[in-house]
1. I want to confirm something. Restricting to region 268-302 and keeping residues that are surrounded by fewer than 18 Cβ atoms within 10 Å (Cβ to Cβ) and closer than 20 Å to GLY223 by Cβ, which single residue is modelled with the highest pLDDT?
2. Being among the acidic types (Asp, Glu) and either farther than 13 Å from VAL252 by Cβ or under 25 Å from the mean Cα position of the chain (by Cα) (or both) is the filter here; which residues of region 181-222 pass it?
3. Does GLN76 meet the test of being surrounded by 20 or more Cβ atoms within 10 Å (Cβ to Cβ), touching a residue at least 24 places away in the same chain (Cβ under 8 Å) and either among the small types (Gly, Ala, Ser) or outside any loop (DSSP other than H, G, I, E, B) (or both)?
4. List the helices (runs of 4 or more DSSP H) that sit entirely inside region 168-238 and contain at least 1 residues that are farther than 23 Å from PHE296 by Cβ and in contact (Cβ under 8 Å) with a residue 60 or more places away in the chain.
5. If the requirement is being among the acidic types (Asp, Glu), within 30 Å of SER22 (Cβ to Cβ), out of contact with any His (no Cβ under 9 Å at 6 or more places or on another chain) and not assigned by TED's automatic domain parsing to the domain that holds CYS75, which of these qualifies: GLU211, GLU235, GLU179, GLU222?
Amino acid sequence: MSINSRDDLLNKQAEVNEQIKSYTCRVLVCSGTGCIASGAQKIYDEMATLCERIDGVTVEMQKDVPHVGVVKTGCQGLCELGPLMRIEPYDYQYVHVQPEDCKEIVEKTILEGKPVERLFYKDHDTVCPHPDDIPFLNQQTRIVLENCGKIDAESIDEYIAVGGYQALAKVLGGMTSQEVIDEVTKSGLRGRGGAGFPAGKKWSQVARQAEKTRYVVCNGDEGDPGAFMDGSVMEGDPYKMIEGMTIAAYAVGAEDGYIYVRAEYPLSVKRLRMAIEQAEKYGLLGDNILNSGVNFHLHINRGAGAFVCGEGSA
């Protein structure tokens, strides 16, 4: 199905939200690099298998058959406590989940709505059942990562459900390139690198060049020890990054973009490829995006493992 207009986008948003609401429970398994490294894939596989068998279990218990969704999210923000799991609609946050815990989670939480209390985080003597109860999380205001850990990191539908691509539709539906640049400049948006370079200034520099063949390059090669700003976005909410690059391309008059990804980020590459394919399928990337006449194609280039690699040398 191709999305050709803002109305199509709104219809898809409503459709996906209805699907999500139809679930009795949603199991959000953190599948960021940190949790994957501590065994989250096994947790996801075990929960998916157990939830597929729920029909037989619930018939025996003579209860209504729950409709359960098991999804992979981006980082839930507590890597050292992984593998992590959240259960909706109860907003339970489980930490240090092991494969042998999954059966108890299904039996108590999925089927009865009761928590597995031993899997809650404890702040000294205080039990923290929900993410907002955890001091490390409740003092944060997430902007770039607002969806990370809350939606399926491998589903463009879930990104659309939380308002994804509405900004692109607004831009292509009634704003000039200069108006977009002015808005970004006025917002004070800056790059995520150490220099914090103003995005509006950079976009305006590209837009006024005499050469009409232009490119948008996303530098996803962060070589600083312990840095994972770019990786968190690319693997946790790749659709937001792609939408942003598409808006930038419209603003500067580019039809091609390159995402330069660190070689050591295989999960980012996998999810970016998946996101690009899904966006192209919906007509949100490629030729004549949202029936606007605007074309933009994205390509992924992997780094070579060097320490200093930026858009200037990409």
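The values are calculated or read from the model by the stated rules, or taken from the named source; none is laboratory data. This is a predicted model, so every value here is computed, not measured. For neighbour counting, all protein chains shown are included, and Cβ atoms are generated from backbone atoms with ideal geometry for every residue, glycine included.
1. ILE300
2. First pass over region 181-222, keeping only residues among the acidic types (Asp, Glu): 182-183, 211, 221-222.
Residues satisfying the conditions are ASP182, GLU183, ASP221, GLU222.
3. no
4. Ranges flagged: 229-236.
5. Details: GLU211 fails: within 30 Å of SER22 (Cβ to Cβ); GLU179 fails: within 30 Å of SER22 (Cβ to Cβ); GLU222 fails: within 30 Å of SER22 (Cβ to Cβ).
Result of the check over GLU211, GLU235, GLU179, GLU222: GLU235.
This table checks each residue for (1) assigned by TED's automatic domain parsing to the domain that holds LYS103; (2) at pLDDT 95 or above; (3) of a type outside the set (Val, Ile, Thr).
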{"residue": "VAL29", "(1), (2), (3)": "yes, yes, no"}
{"residue": "ALA37", "(1), (2), (3)": "yes, no, yes"}
{"residue": "GLY56", "(1), (2), (3)": "yes, no, yes"}
{"residue": "VAL59", "(1), (2), (3)": "yes, no, no"}
{"residue": "VAL65", "(1), (2), (3)": "yes, no, no"}
{"residue": "VAL70", "(1), (2), (3)": "yes, no, no"}
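Residues checked against (1) at pLDDT 95 or above; (2) crowded, with 17+ Cβ neighbours inside 10 Å; (3) of a type in the set (Ser, Thr, Tyr); (4) within 26 Å of GLY32 (Cβ to Cβ):
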{"site": "ARG192", "(1), (2), (3), (4)": "no, no, no, yes"}
{"site": "PHE197", "(1), (2), (3), (4)": "no, no, no, no"}
{"site": "GLN205", "(1), (2), (3), (4)": "no, no, no, no"}
{"site": "LYS212", "(1), (2), (3), (4)": "no, no, no, no"}
{"site": "CYS218", "(1), (2), (3), (4)": "no, yes, no, yes"}
{"site": "ASP221", "(1), (2), (3), (4)": "no, yes, no, yes"}
{"site": "ALA227", "(1), (2), (3), (4)": "no, no, no, yes"}
